[in-house]
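Shown next, in structure tokens, is the structure this report addresses.
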Amino acid sequence: MAATEAVRSVGCSTVEETVDQDVLRPAPGPESPDATPVHSETGRPALLDRRFGRDEITVVRHEVTARLDPVLLADRLPGFVLAINEVITNAVLHAGGQGRIVLWSTGSAVHCTVTDSGPGIPEQYRRPPTVPEAFEVGGRGIWLAHQLCDEVTMATGPIGTTIGLSVRLPGRNTASGLVNEGASAG
């Protein structure tokens, strides 16, 4: 199959791309549309488990917002949704145009993983990000995720990347077992 060229609008960016249809791989992990998705590690029902492509970023953002609205407090919701949007946009722009998102909650936090089957994140972008320059084009997605989430994890290699994002639920038990960890007494 020959390479195709296209100009596409992705989120707020317009990109020119040449896509070699022979090297595109589907995002890992099947999900059944008939079954309630279950998170593979916790065994708990997932709030969202779906594949996405370049034309579905806005739809996924709205689905994430709808699923998190009853779970996450209003002051954390916009930031977490923005962080997720940045990560799925990166998957679309830099990792083959598609990916998979899984969203779930535990008693103390809300978690999201975004997985793609791209070539991996280059070494210079794996370090904790510094503040992007004012007029720098790009480079804000992972930095924003670090600012807006309580935990950001990254597993990357030549067959794909998984970015994990988590925010704690205020007033719930934390990993240390303390309620409202860090709150001062008295």
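Okay, residues lined up against (1) part of a loop (DSSP other than H, G, I, E, B); (2) surrounded by 21 or more Cβ atoms within 10 Å (Cβ to Cβ); (3) touching a Cys at 6+ places or on another chain (Cβ under 9 Å):
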{"site": "R50", "(1), (2), (3)": "no, no, no"}
{"site": "V60", "(1), (2), (3)": "no, yes, no"}
{"site": "V64", "(1), (2), (3)": "no, yes, yes"}
{"site": "I84", "(1), (2), (3)": "no, yes, yes"}
{"site": "V102", "(1), (2), (3)": "no, yes, yes"}
{"site": "H111", "(1), (2), (3)": "no, yes, no"}
{"site": "G118", "(1), (2), (3)": "yes, yes, no"}
{"site": "I121", "(1), (2), (3)": "yes, no, no"}
{"site": "R127", "(1), (2), (3)": "yes, no, no"}
| field | Number of positions in region 140-163 that are closer than 23 Å to A74 by Cβ and surrounded by fewer than 21 Cβ atoms within 10 Å (Cβ to Cβ) | value | 7
| Failed condition for V15, given (1) at pLDDT below 50; (2) not in a strand (DSSP E or B), with all others met? | (2)
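The values are calculated or read from the model by the stated rules, or taken from the named source; none is laboratory data. Model, not experiment: these values are computed from the prediction. As a convention, Cβ positions derive from the backbone with ideal geometry for all residues, glycine included, and neighbour counts pool all protein chains shown.
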